[in-house]
Amino acid sequence: MIQELFDLSGKVALVTGGTHGIGMAVGVTLAKAGAKVCVNGRSNDKLSECKKEYAKAGVDVYTINFDVTDEVAVDKGISTIEKEVGPVDILVNNAGIIKRIPILDLKVDDFKEVIDIDLVAPFIVAKRVAPKMIENRSGKIINMCSMMSVYGRNSVSAYASAKGGLKLLTANMCCEWAKYNVQINGIGPGYIATPQTAPIREGAHPFNDLVMTRTPANRWGEPEDVGNAALFLASKAADFVNGQVLYVDGGILANFGYVKGENDI
Ligand code: NAP
Ligand code: GCO
């Protein structure tokens with residue numbers, strides 16, 4: 001049955017930074033496909049609040065607080081998941097931050113904070129869960145990359161450096177772990193309507209026009225668009241897909257640009 005390809009029953013999925021936005025949509029989709037979803041966050045209040053939102057979407061999730069940049073806390077958090085839920089079969093390295101500051105104004109500590117959360121943390125969390133996946137000869141790791149894995153843009157140097165690095169970390173994890181039947185892929189969301197993009201999307205911000213003219217699909221992406229791609233990569237349907245980044249961007253990366261009124265030339 002074709003549905004069996006996408007059935008995640010019996011699988012344990014960990015979604016980092018899953019309290020809202022893209023992470024929550026991924027968590028809801030994987031749970032609806034049958035996975036036992038563990039939602040990570042770094043605030044107890046947000047974690048208990050999000051449990052209610054997941055329940056509204058019809059799913060029950062296990063929540064766990066740890067900072068993904070803290071190796072000791074990650075080890076403790078994942079040991080707790082292993083004891084209370086089971087070994088992690090599907091890891092979604094989703095937690096991330098952005099700082100929109102031009103290079104000359106960007107403090108080294110701010111640059112490092114973005115690299116720590118967006119690049120070093122996926123390394124820490126994957127390194128903690130991979131040995132069990134290797135032992136089980138089965139596992140899926142999904143790293144939340146970005147269009148900024150391949151593009152630059154003024155003011156997002158730290159973010160683009162981290163996401164570019166994450167794309168190649170994904171390739172390197174594939175090189176080392178594919179032989180153990182572990183698939184490691186990235187998702188590169190385009191411009192998605194979440195709290196992260198609220199400052200450049202809301203209040204008639206001029207960036208909104210840029211996104212609308214550059215996106216052939218002519219809309220912002222929804223977190224669910226990314227959740228659906230995560231389901232594919234977490235499923236048996238993607239068992240021979242490895243080391244790739246799947247861009248979910250409404251076509252932006254296919255499009256050099258478009259000037260209003262120029263449609264027919
Ligand atoms: P978001 O709404 O800002 O959510 C990010 C999540 O990460 C939050 O739950 C946040 O928790 C968590 N987080 C941050 N630092 C953490 C840490 N040290 N430990 C644990 N959790 C941490 O972002 P989003 O837009 O949904 O983005 C999710 C991912 O997709 C990010 O990696 C982002 O870079 C990537 N992405 C987003 C877009 C987009 O257009 N939105 C496009 C491409 C890629 P708190 O709420 O406690 O801060
Ligand atoms: C920005 C945005 C982006 C997106 C996304 C694009 O300021 O340009 O926030 O970086 O969030 O990562 O794929």
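Just in region 167-230: which chymotrypsin sites (Phe, Trp or Tyr not before Pro) are loop by DSSP and have at most 14 other Cβ atoms within 10 Å?
Sites meeting the loop and neighbour criteria: none at all.
Using unit Cβ charges (K, R positive; D, E negative) and no other charged atoms, how large, in debye to the nearest 20, is the dipole of the chain about its Cα centre?
Its charge dipole is roughly 220 debye.
Give the accessible area for residue 194 in Å² (nearest 10); use a 1.4 Å probe, count only protein heavy atoms, and leave out ligands, DNA and RNA.
Rounded to the nearest 10, the figure is 20 Å².
Using a cut-off of 14 Å between beta-carbons, work out the net charge of the residues near residue 227 (Lys and Arg +1, Asp and Glu -1, residue 227 not included).
So the surrounding residues net to -3.
Restricting to DSSP loop positions (anything but H, G, I, E, B) with no more than 14 other Cβ atoms inside 10 Å of their own Cβ, which chymotrypsin sites (Phe, Trp or Tyr not before Pro) remain in region 84-168?
Passing sites in region 84-168 are 151.
Counting Lys and Arg as +1 and Asp and Glu as -1, what is the net charge of the other residues whose Cβ lies under 13 Å from the Cβ of residue 63?
Residues near residue 63 contribute 0 overall.
Give, rounded to the nearest 20 debye, the magnitude of the charge dipole that region 6-95 has about its Cα centre when Lys and Arg contribute +1 at Cβ and Asp and Glu contribute -1 at Cβ.
Value, rounded to 20: 300 debye.
So who's got an amide H within less than 5 Å of the one on residue 63, skipping anything under 5 residues away but keeping other chains? H placed 1.01 Å off N, in plane.
39
Past 20 Å, Cα to Cα: identify those pairs from 83/127; 167/236; 11/140, in the order given.
167/236
Taking the dipole about the Cα centre of the chain, with the C-beta of Lys and Arg at +1 and of Asp and Glu at -1, give me whichever of 85, 188, 229 is farthest to the positive side.
Comparing the listed Cα positions along the dipole, 85 ranks first.
Which ³J(HN,Hα) values in Hz, rounded to whole numbers, follow from the phi angles of region 107-115 under the Karplus curve 6.51 cos²θ - 1.76 cosθ + 1.60, where θ = phi - 60° and Gly and Pro get x?
Whole-Hz 3J(HN,Hα) from phi for region 107-115: 6, 4, 5, 5, 4, 5, 5, 5, 4.
Would you kindly derive the ³J(HN,Hα) couplings of region 131-138 from the backbone phi angles with the Karplus curve 6.51 cos²θ - 1.76 cosθ + 1.60 (θ = phi - 60°), listing them in order in whole Hz, with x for Gly and Pro?
x, 5, 4, 5, 4, 7, 6, 6
Hand me the GluC sites (Glu not before Pro) from region 121-221 located in a DSSP loop with no more than 11 other Cβ atoms within 10 Å, in residue order please.
Here the GluC sites (Glu not before Pro) that fit, given the DSSP loop and packing criteria, are 202.
Could you list which residues have their amide H under 5 Å from that of residue 248, counting only those 5 or more apart in sequence or on another chain, with H placed in the peptide plane?
Residues meeting the criterion, in which the H sits 1.01 Å from N, are 188, 190.
Around residue 164, with a cut-off of 15 angstrom between Cβ atoms, what is the net charge of the other residues, counting Lys and Arg +1 and Asp and Glu -1?
Residues close to residue 164 contribute a combined charge of +2.
Scaled to the compact-protein estimate 2.2 N^0.38 Å, what is the alpha-carbon radius of gyration of region 81-215, rounded to two decimal places?
So the Cα radius of gyration is 1.19 times the expected 2.2 N^0.38 Å.
Per-residue accessible area for residue 138 at 1.4 Å probe radius, Å² rounded to 10?
Per-residue accessible area (residue 138): approximately 40 Å².
The values are calculated or read from the model by the stated rules, or taken from the named source; none is laboratory data. For clarity, every value in this text was computed on a predicted model and none was experimentally measured. Every residue, glycine among them, receives a Cβ derived from its backbone with ideal geometry; neighbour counts consider all protein chains shown. Ligands, DNA and RNA are stripped out before the accessible areas are found, and what is left, the full protein with its side chains, is counted by its heavy atoms. Shrake-Rupley method; radii C 1.70, N 1.55, O 1.52, S 1.80 Å.
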